[in-house]
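A quick write-up on the structure given underneath.
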Amino acid sequence: MIQPDVVTAFTAVRDINLDEPGTPQAETKAATFKSASSSIYDLAASMSAKGQLWNWGVHDSEFVAEIEARLPGFTEYGTDGFSEQLYYLALRDLPKGLESCDGRTVLEVGCGMGEGLNFLSRLVPTARMTGLDLAPKAIASATATLSRGDTLRFVQGDAEELPFEDSSVDVLVNIESSHTYPNLGRFLREAARALRRGGALSHIDVFTRQRLEAMRRITTEIPELKWVSDHDISDQVRAAVRRRMPPDSHLRSTLNKQRMNRLARTLALHSQITVFGGTFADYQPPASVKMLSRLGLVPPMDSLPMETYRHQIAVRV
């Protein structure tokens, strides 16, 4: 049976990305959605294994080689490495690359269970990194398993009301999270407020046509942020997603180790492939899942028409 919060969250994400942000319709849905979204990520935190990252990822052999040079043995971490490559990209393309973070304050907004930021803290061990997420249990899990004093810490909070002082952050990272924010403009203004002059925002996310148009309009309304790059990385994302689908993939091998019946395994695989961007990479669910979806027993996770996945960088002026 589908949990009510799941239906609420997926319906709201669709509305957020197809409605005009800031309209009365969008604002009315915001509080309900945030509560449902927080509940879902708290549930994910209780089910996730240590080291598991939750995003679509990218695949680029050049990124793999560069990460391996900085972190020998990276390819033997026990993950498929696609999420780590996405996090690496978030810092790699900053104006000064990873050196932008040396000895600096780095904030990830929307850190989930914290594994992505934990990976970045290994890439740049001299940085002071903080992860923020709306879901309290996800933050509690990250704090209990990953925090390391001032080097890596986690706080619970809202992306649209950042609990940080003005000009207190050098680099702000936001990865595959802002498409769930009811008010994108409010988040970007908060990012501009929290960043020090000369600091950088690395923003990575997937967009519907409507959301991208809204993003581009909003960026013209925030003069404190100078956008210096906007790259379409859809092909690299699709390359990662498609590598998670075959029977011998890390994702499917991990699922095969879990004890469950055939239908449960099919549904679990469908859920994970869809969550990890399957529809964006032309994934088609099996007939059994389509039937259950028609009966309302599977949430409409594949109904959002995402068109492009982008990496955008802004400098605080």
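The values are calculated or read from the model by the stated rules, or taken from the named source; none is laboratory data. Worth saying up front: this structure is predicted, and the values here are computed from it rather than measured. Every residue, glycine as well, gets a Cβ built from its backbone with ideal geometry; the counts of neighbours run over all protein chains shown.
Restricting attention to segment 141-162 and to residues that are touching a residue at least 24 places away in the same chain (Cβ under 8 Å) and of a type in the set (A, V, I, L, M, F, W, C), the residue that is surrounded by the fewest Cβ atoms within 10 Å (Cβ to Cβ) turns out to be Val155. Determine if segment 246-256 includes at least one residue that is farther than 14 Å from Phe82 by Cα and of a type in the set (A, V, I, L, M, F, W, C). Scanning segment 246-256, I find at least one residue that is farther than 14 Å from Phe82 by Cα and of a type in the set (A, V, I, L, M, F, W, C), so the answer is yes. The set of residues from segment 215-237 being part of a helix (DSSP H, G or I) and either without any contact (Cβ under 8 Å) to a residue 12 or more places away in the chain or under 17 Å from Ile175 (Cβ atoms) (or both) comprises Met215, Arg216, Arg217, Ser234, Asp235, Gln236, Val237. Meeting the requirement of 2 or more residues that are surrounded by 15 or more Cβ atoms within 10 Å (Cβ to Cβ) and hydroxyl-bearing (Ser, Thr, Tyr), the helices (runs of 4 or more DSSP H) wholly within segment 243-295 are 262-275. Mind listing whichever residues of segment 238-260 are among the aliphatic types (A, V, I, L, M) and free of Cβ contacts under 8 Å to residues at least 60 places away in the same chain? Hits for segment 238-260 are Met245, Leu255, Met260.
Residues of segment 278-300 include at least one that is on the phi > 0 side of the Ramachandran plot and modelled with pLDDT under 80.
Could we say that Glu165 is touching a Lys or Arg at 6+ places or on another chain (Cβ under 6 Å), in contact (Cβ under 8 Å) with a residue 24 or more places away in the chain and not hydroxyl-bearing (Ser, Thr, Tyr) here? Answer is no for this residue.
Restricting attention to segment 221-232, which residues are among the hydrophobic types (A, V, I, L, M, F, W, C) and surrounded by fewer than 18 Cβ atoms within 10 Å (Cβ to Cβ)? Within segment 221-232, Ile222, Trp227, Val228 qualify.
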